[in-house]
1. Got a sec? What order do Tyr280, Tyr125, Tyr212 fall in by accessible area at 1.4 Å, biggest, i.e. largest, first?
2. Using the beta-carbon distance between Ser289 and Arg144 and R0 = 35 Å, what value does 1/(1 + (r/R0)^6) give for FRET efficiency, to the nearest 0.05?
3. What does region 158-217 give for Rg and for Dmax, in Å, if only its C-alpha atoms count?
4. Using label points projected 7 Å from each Cα along Cα→Cβ, tell me how many nm separate Glu61 and Thr216, to one decimal.
5. Mind checking which lysines have their C-alpha under 17 Å from Lys302, skipping anything on the same chain fewer than 8 residues away?
6. Using label points projected 7 Å from each Cα along Cα→Cβ, tell me how many nm separate Glu267 and Ala249, to one decimal.
7. I need two numbers for region 52-210: Rg to one decimal and Dmax as a whole number, Cα atoms only, in Å.
8. Could you tell me the extents of region 105-147's C-alpha atoms along the three principal axes, largest first, rounded to whole Å?
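The values are calculated or read from the model by the stated rules, or taken from the named source; none is laboratory data. Computed from a prediction, not measured in an experiment: that's the story for all the values here. Quick reminder, even Gly has a Cβ in these numbers, built from the backbone with ideal geometry, and neighbours come from all protein chains shown. Ligands, DNA and RNA are excluded from the accessible area calculation, which covers all protein heavy atoms including side chains. Shrake-Rupley method; radii C 1.70, N 1.55, O 1.52, S 1.80 Å.
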Amino acid sequence: MLGLPVAGGWLVVVRRSRRRLPVGVCAVVGCRPPVWWSVGCFVAWEGFVVIKLETVLVEIEGPVATISLDRPEKKNAMNPQMHADMNAALDEIEAAGGVKVVVVTGNGDSFSAGMDLEECFLRPYEDPQLFYRTNLVALRWFKRLKAFPAVTVAKVNGFAFGGGVLVTGICDLAVASQGALFGLSEINFGIFPAGGASWAAANNLPRKEALYYILTGDTFTGAQAREFGLVNRAVPAEELDAETDRIVAKLVRKNPVTLELAKQVYEHNRATDLPTAIDYDQAKLWELSRLTGNEWINVALKQFEKRSYQPGLSTYRRGDAAS
(Lines give C-alpha, C1' and ligand atoms only; values in the text may rest on other atoms or scores of the structure.)
Protein backbone atom coordinates (compact mmCIF):
# COMPACT_ATOMS: atom_id res chain seq x y z
CA MET A 1 0.00 0.00 0.00
CA LEU A 2 1.31 3.43 -0.91
CA GLY A 3 0.76 6.52 1.20
CA LEU A 4 2.45 8.84 3.66
CA PRO A 5 4.04 7.08 6.65
CA VAL A 6 2.93 8.49 10.01
CA ALA A 7 3.06 7.18 13.57
CA GLY A 8 3.83 3.65 12.44
CA GLY A 9 1.02 3.61 9.88
CA TRP A 10 -0.15 5.38 6.74
CA LEU A 11 -1.72 8.79 6.37
CA VAL A 12 -4.14 9.39 3.54
CA VAL A 13 -5.36 12.97 3.10
CA VAL A 14 -8.06 13.71 0.60
CA ARG A 15 -8.03 17.01 -1.26
CA ARG A 16 -11.23 18.98 -0.79
CA SER A 17 -13.20 18.94 -4.01
CA ARG A 18 -16.79 18.98 -5.14
CA ARG A 19 -16.55 15.64 -6.90
CA ARG A 20 -16.25 12.19 -5.45
CA LEU A 21 -12.84 10.73 -6.17
CA PRO A 22 -12.35 7.26 -7.66
CA VAL A 23 -12.20 4.32 -5.29
CA GLY A 24 -8.67 3.77 -4.08
CA VAL A 25 -7.33 7.17 -5.14
CA CYS A 26 -6.58 10.32 -3.18
CA ALA A 27 -4.63 13.55 -3.43
CA VAL A 28 -2.19 14.81 -0.82
CA VAL A 29 -3.10 18.27 0.42
CA GLY A 30 -0.57 21.00 -0.17
CA CYS A 31 1.02 19.54 -3.30
CA ARG A 32 0.77 21.70 -6.42
CA PRO A 33 -0.15 19.95 -8.58
CA PRO A 34 -1.66 17.29 -6.28
CA VAL A 35 0.38 14.12 -5.85
CA TRP A 36 -1.85 11.08 -6.45
CA TRP A 37 -1.43 7.88 -4.48
CA SER A 38 -2.93 4.44 -4.78
CA VAL A 39 -4.32 3.53 -1.37
CA GLY A 40 -5.53 -0.02 -1.79
CA CYS A 41 -9.01 -0.57 -0.34
CA PHE A 42 -9.65 2.98 0.85
CA VAL A 43 -12.55 4.96 -0.54
CA ALA A 44 -11.29 8.53 -0.65
CA TRP A 45 -13.56 11.47 -0.65
CA GLU A 46 -13.91 15.06 0.27
CA GLY A 47 -12.50 16.13 3.61
CA PHE A 48 -11.42 12.73 4.89
CA VAL A 49 -8.19 11.94 6.71
CA VAL A 50 -7.60 8.21 7.11
CA ILE A 51 -4.78 6.89 9.27
CA LYS A 52 -4.19 3.14 9.10
CA LEU A 53 -2.09 1.91 11.99
CA GLU A 54 -1.23 -1.73 12.54
CA THR A 55 -4.12 -2.46 14.88
CA VAL A 56 -6.22 0.73 14.75
CA LEU A 57 -7.98 2.65 12.00
CA VAL A 58 -8.57 6.40 12.45
CA GLU A 59 -10.95 8.36 10.24
CA ILE A 60 -11.34 12.11 10.64
CA GLU A 61 -14.08 13.95 8.82
CA GLY A 62 -14.41 17.57 9.93
CA PRO A 63 -15.44 17.68 13.60
CA VAL A 64 -15.83 13.89 13.98
CA ALA A 65 -13.09 11.32 14.45
CA THR A 66 -13.73 7.58 14.53
CA ILE A 67 -11.25 5.16 16.09
CA SER A 68 -11.83 1.53 15.13
CA LEU A 69 -9.99 -1.18 17.04
CA ASP A 70 -8.79 -3.40 14.24
CA ARG A 71 -7.83 -6.93 15.31
CA PRO A 72 -11.09 -8.62 14.34
CA GLU A 73 -9.46 -12.06 14.17
CA LYS A 74 -8.67 -11.67 17.90
CA LYS A 75 -12.00 -10.06 18.84
CA ASN A 76 -10.06 -6.77 19.04
CA ALA A 77 -8.14 -7.94 22.10
CA MET A 78 -5.74 -5.22 23.21
CA ASN A 79 -2.12 -6.24 22.68
CA PRO A 80 0.96 -4.03 23.22
CA GLN A 81 0.85 -2.85 19.60
CA MET A 82 -2.77 -1.73 19.98
CA HIS A 83 -1.91 0.19 23.14
CA ALA A 84 0.88 2.00 21.27
CA ASP A 85 -1.42 2.60 18.30
CA MET A 86 -4.14 4.07 20.52
CA ASN A 87 -1.69 6.60 21.94
CA ALA A 88 -0.65 7.46 18.37
CA ALA A 89 -4.31 7.74 17.31
CA LEU A 90 -5.06 10.22 20.08
CA ASP A 91 -1.93 12.18 19.09
CA GLU A 92 -3.15 12.45 15.50
CA ILE A 93 -6.65 13.54 16.50
CA GLU A 94 -5.27 16.23 18.79
CA ALA A 95 -2.91 17.40 16.05
CA ALA A 96 -5.73 17.58 13.51
CA GLY A 97 -7.52 20.25 15.55
CA GLY A 98 -11.21 21.03 15.38
CA VAL A 99 -12.45 17.58 16.40
CA LYS A 100 -15.51 17.84 18.65
CA VAL A 101 -16.48 14.17 18.92
CA VAL A 102 -14.44 10.96 18.98
CA VAL A 103 -16.31 7.69 18.37
CA VAL A 104 -14.57 4.52 19.57
CA THR A 105 -15.73 1.21 18.13
CA GLY A 106 -14.49 -2.19 17.02
CA ASN A 107 -14.13 -3.70 13.57
CA GLY A 108 -15.73 -7.08 12.97
CA ASP A 109 -18.15 -8.68 15.40
CA SER A 110 -16.62 -7.37 18.64
CA PHE A 111 -15.95 -4.11 20.44
CA SER A 112 -13.03 -5.56 22.41
CA ALA A 113 -12.45 -8.83 24.25
CA GLY A 114 -10.19 -6.94 26.67
CA MET A 115 -6.49 -7.41 27.22
CA ASP A 116 -4.59 -9.94 25.09
CA LEU A 117 -3.69 -12.22 28.00
CA GLU A 118 -0.76 -13.86 26.24
CA GLU A 119 0.92 -10.78 24.80
CA CYS A 120 0.28 -8.42 27.72
CA PHE A 121 0.80 -10.80 30.65
CA LEU A 122 2.21 -14.25 29.89
CA ARG A 123 5.04 -13.33 27.49
CA PRO A 124 6.52 -10.36 29.38
CA TYR A 125 5.98 -11.80 32.87
CA GLU A 126 9.51 -13.15 33.37
CA ASP A 127 11.00 -9.70 32.73
CA PRO A 128 9.60 -7.32 35.38
CA GLN A 129 10.74 -4.18 33.55
CA LEU A 130 9.24 -5.35 30.26
CA PHE A 131 6.02 -6.30 32.04
CA TYR A 132 5.85 -2.85 33.63
CA ARG A 133 6.59 -0.99 30.39
CA THR A 134 4.15 -3.10 28.38
CA ASN A 135 1.22 -2.31 30.61
CA LEU A 136 2.21 1.29 31.31
CA VAL A 137 1.48 2.10 27.68
CA ALA A 138 -2.05 0.78 28.13
CA LEU A 139 -2.65 2.76 31.30
CA ARG A 140 -1.45 5.92 29.57
CA TRP A 141 -4.06 5.91 26.81
CA PHE A 142 -6.84 4.90 29.19
CA LYS A 143 -6.12 8.03 31.24
CA ARG A 144 -5.78 10.16 28.13
CA LEU A 145 -9.12 8.99 26.75
CA LYS A 146 -10.83 9.76 30.06
CA ALA A 147 -9.49 13.34 30.03
CA PHE A 148 -9.76 13.90 26.26
CA PRO A 149 -11.06 17.41 25.44
CA ALA A 150 -13.47 16.22 22.73
CA VAL A 151 -16.63 14.32 23.64
CA THR A 152 -15.94 10.58 23.48
CA VAL A 153 -18.65 8.12 22.42
CA ALA A 154 -18.30 4.34 22.67
CA LYS A 155 -20.17 2.44 19.95
CA VAL A 156 -20.30 -1.08 21.35
CA ASN A 157 -20.85 -4.02 19.05
CA GLY A 158 -20.46 -7.66 20.08
CA PHE A 159 -18.12 -8.65 22.90
CA ALA A 160 -16.91 -6.08 25.46
CA PHE A 161 -14.93 -7.82 28.20
CA GLY A 162 -12.52 -6.45 30.80
CA GLY A 163 -10.79 -3.61 29.01
CA GLY A 164 -13.80 -3.35 26.71
CA VAL A 165 -15.97 -2.56 29.74
CA LEU A 166 -13.28 -0.10 30.87
CA VAL A 167 -13.24 1.81 27.56
CA THR A 168 -17.05 1.90 27.51
CA GLY A 169 -17.04 3.31 31.04
CA ILE A 170 -14.27 5.82 30.32
CA CYS A 171 -16.08 7.34 27.34
CA ASP A 172 -18.41 10.24 28.06
CA LEU A 173 -21.33 8.58 26.26
CA ALA A 174 -22.00 5.08 25.00
CA VAL A 175 -24.38 3.32 22.62
CA ALA A 176 -24.58 -0.47 22.45
CA SER A 177 -26.41 -3.06 20.45
CA GLN A 178 -28.99 -4.76 22.63
CA GLY A 179 -27.27 -8.09 22.11
CA ALA A 180 -23.74 -6.86 22.92
CA LEU A 181 -22.17 -9.00 25.62
CA PHE A 182 -20.32 -7.34 28.51
CA GLY A 183 -18.29 -9.05 31.19
CA LEU A 184 -15.65 -8.64 33.89
CA SER A 185 -14.15 -12.08 33.56
CA GLU A 186 -10.91 -11.46 35.47
CA ILE A 187 -12.15 -13.44 38.47
CA ASN A 188 -12.30 -16.48 36.16
CA PHE A 189 -8.51 -16.45 35.77
CA GLY A 190 -7.73 -15.63 39.35
CA ILE A 191 -7.44 -11.86 39.61
CA PHE A 192 -9.78 -8.90 40.04
CA PRO A 193 -10.55 -6.28 37.36
CA ALA A 194 -7.57 -3.92 37.42
CA GLY A 195 -6.04 -1.17 35.31
CA GLY A 196 -9.20 0.91 35.73
CA ALA A 197 -11.81 -1.79 35.04
CA SER A 198 -13.02 -1.85 38.65
CA TRP A 199 -13.18 1.94 38.56
CA ALA A 200 -15.34 1.75 35.43
CA ALA A 201 -17.70 -0.70 37.13
CA ALA A 202 -17.86 1.33 40.36
CA ASN A 203 -18.53 4.59 38.51
CA ASN A 204 -21.02 3.31 35.93
CA LEU A 205 -22.96 0.49 37.61
CA PRO A 206 -24.97 0.39 40.86
CA ARG A 207 -22.92 -1.08 43.74
CA LYS A 208 -24.72 -4.43 43.96
CA GLU A 209 -24.61 -4.96 40.19
CA ALA A 210 -20.94 -3.97 39.96
CA LEU A 211 -19.94 -6.34 42.73
CA TYR A 212 -22.06 -9.15 41.33
CA TYR A 213 -20.32 -9.08 37.94
CA ILE A 214 -16.88 -8.48 39.45
CA LEU A 215 -17.24 -11.43 41.85
CA THR A 216 -19.01 -13.94 39.60
CA GLY A 217 -17.59 -13.19 36.16
CA ASP A 218 -21.09 -13.50 34.69
CA THR A 219 -21.97 -11.61 31.53
CA PHE A 220 -24.68 -9.02 30.87
CA THR A 221 -26.22 -7.75 27.66
CA GLY A 222 -26.33 -4.35 26.05
CA ALA A 223 -29.96 -4.04 27.12
CA GLN A 224 -28.92 -4.70 30.75
CA ALA A 225 -26.03 -2.25 30.39
CA ARG A 226 -28.62 0.40 29.53
CA GLU A 227 -30.59 -0.47 32.69
CA PHE A 228 -27.45 -0.27 34.83
CA GLY A 229 -26.31 3.05 33.32
CA LEU A 230 -23.13 1.82 31.62
CA VAL A 231 -24.51 2.91 28.22
CA ASN A 232 -26.92 5.70 27.27
CA ARG A 233 -28.78 3.78 24.60
CA ALA A 234 -29.23 0.13 23.63
CA VAL A 235 -30.68 -0.51 20.19
CA PRO A 236 -31.04 -3.41 17.75
CA ALA A 237 -27.73 -4.17 16.05
CA GLU A 238 -28.97 -2.89 12.70
CA GLU A 239 -29.72 0.50 14.28
CA LEU A 240 -26.40 0.95 16.08
CA ASP A 241 -24.77 3.11 13.41
CA ALA A 242 -27.83 5.31 12.94
CA GLU A 243 -28.35 5.88 16.66
CA THR A 244 -24.70 6.77 17.17
CA ASP A 245 -24.82 9.14 14.19
CA ARG A 246 -27.95 10.78 15.61
CA ILE A 247 -26.20 11.58 18.89
CA VAL A 248 -23.02 12.73 17.15
CA ALA A 249 -25.05 15.06 14.92
CA LYS A 250 -26.45 16.76 18.03
CA LEU A 251 -23.00 17.17 19.58
CA VAL A 252 -21.25 18.67 16.56
CA ARG A 253 -23.75 21.55 16.52
CA LYS A 254 -22.57 22.67 19.96
CA ASN A 255 -19.75 25.07 20.80
CA PRO A 256 -16.60 22.91 21.28
CA VAL A 257 -15.31 25.09 24.13
CA THR A 258 -18.61 24.70 25.94
CA LEU A 259 -18.52 20.93 25.44
CA GLU A 260 -15.02 20.70 26.89
CA LEU A 261 -15.72 22.95 29.88
CA ALA A 262 -19.03 21.22 30.59
CA LYS A 263 -17.11 17.96 30.94
CA GLN A 264 -14.58 19.58 33.27
CA VAL A 265 -17.29 21.10 35.46
CA TYR A 266 -19.14 17.79 35.73
CA GLU A 267 -16.03 15.82 36.71
CA HIS A 268 -14.95 18.42 39.26
CA ASN A 269 -18.38 18.81 40.84
CA ARG A 270 -18.93 15.08 41.31
CA ALA A 271 -16.39 15.14 44.13
CA THR A 272 -17.11 18.42 45.92
CA ASP A 273 -19.72 20.13 48.07
CA LEU A 274 -22.31 22.57 46.76
CA PRO A 275 -20.64 25.87 47.81
CA THR A 276 -17.35 24.79 46.22
CA ALA A 277 -19.18 23.62 43.11
CA ILE A 278 -20.95 26.96 42.74
CA ASP A 279 -17.66 28.85 43.00
CA TYR A 280 -16.09 26.55 40.41
CA ASP A 281 -19.10 26.99 38.10
CA GLN A 282 -18.75 30.77 38.25
CA ALA A 283 -15.04 30.67 37.50
CA LYS A 284 -15.58 28.34 34.55
CA LEU A 285 -18.41 30.50 33.25
CA TRP A 286 -16.07 33.50 33.15
CA GLU A 287 -13.48 31.33 31.39
CA LEU A 288 -16.09 30.21 28.86
CA SER A 289 -17.19 33.78 28.20
CA ARG A 290 -13.61 34.90 27.64
CA LEU A 291 -12.69 32.02 25.34
CA THR A 292 -15.81 32.30 23.18
CA GLY A 293 -16.26 36.05 22.99
CA ASN A 294 -19.42 35.81 25.09
CA GLU A 295 -21.06 33.74 22.37
CA TRP A 296 -23.80 32.59 24.73
CA ILE A 297 -24.87 36.23 25.24
CA ASN A 298 -23.99 37.80 21.89
CA VAL A 299 -25.31 35.00 19.68
CA ALA A 300 -27.40 32.43 21.54
CA LEU A 301 -29.45 34.72 23.75
CA LYS A 302 -29.75 37.34 21.01
CA GLN A 303 -31.36 34.66 18.83
CA PHE A 304 -33.62 33.72 21.73
CA GLU A 305 -34.57 37.36 22.16
CA LYS A 306 -35.79 37.30 18.55
CA ARG A 307 -37.64 34.04 19.32
CA SER A 308 -35.76 32.31 16.50
CA TYR A 309 -35.36 29.14 18.56
CA GLN A 310 -36.45 27.55 21.86
CA PRO A 311 -33.48 26.53 24.08
CA GLY A 312 -35.52 23.77 25.71
CA LEU A 313 -36.12 22.12 22.34
CA SER A 314 -33.20 23.00 20.06
CA THR A 315 -29.82 24.70 19.89
CA TYR A 316 -28.84 28.07 18.48
CA ARG A 317 -27.24 28.61 15.07
CA ARG A 318 -23.49 28.73 15.46
CA GLY A 319 -23.22 30.00 11.89
CA ASP A 320 -23.83 33.43 13.34
CA ALA A 321 -20.59 33.12 15.34
CA ALA A 322 -17.01 32.05 14.71
CA SER A 323 -16.87 28.23 14.82
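1. Details: Tyr280 60, Tyr125 150, Tyr212 105 Å².
Most to least solvent-accessible, the answer reads Tyr125, Tyr212, Tyr280.
2. For R0 = 35 Å, the calculated efficiency reads 0.80.
3. Answer for region 158-217, Rg first and Dmax second: 10.7, 31 Å.
4. So the two model labels end up 4.1 nm from each other.
5. Lys254
6. About 3.0 nm, to one decimal.
7. Using the Cα atoms of region 52-210, the pair Rg, Dmax is 14.9, 45 Å.
8. 33, 27, 9
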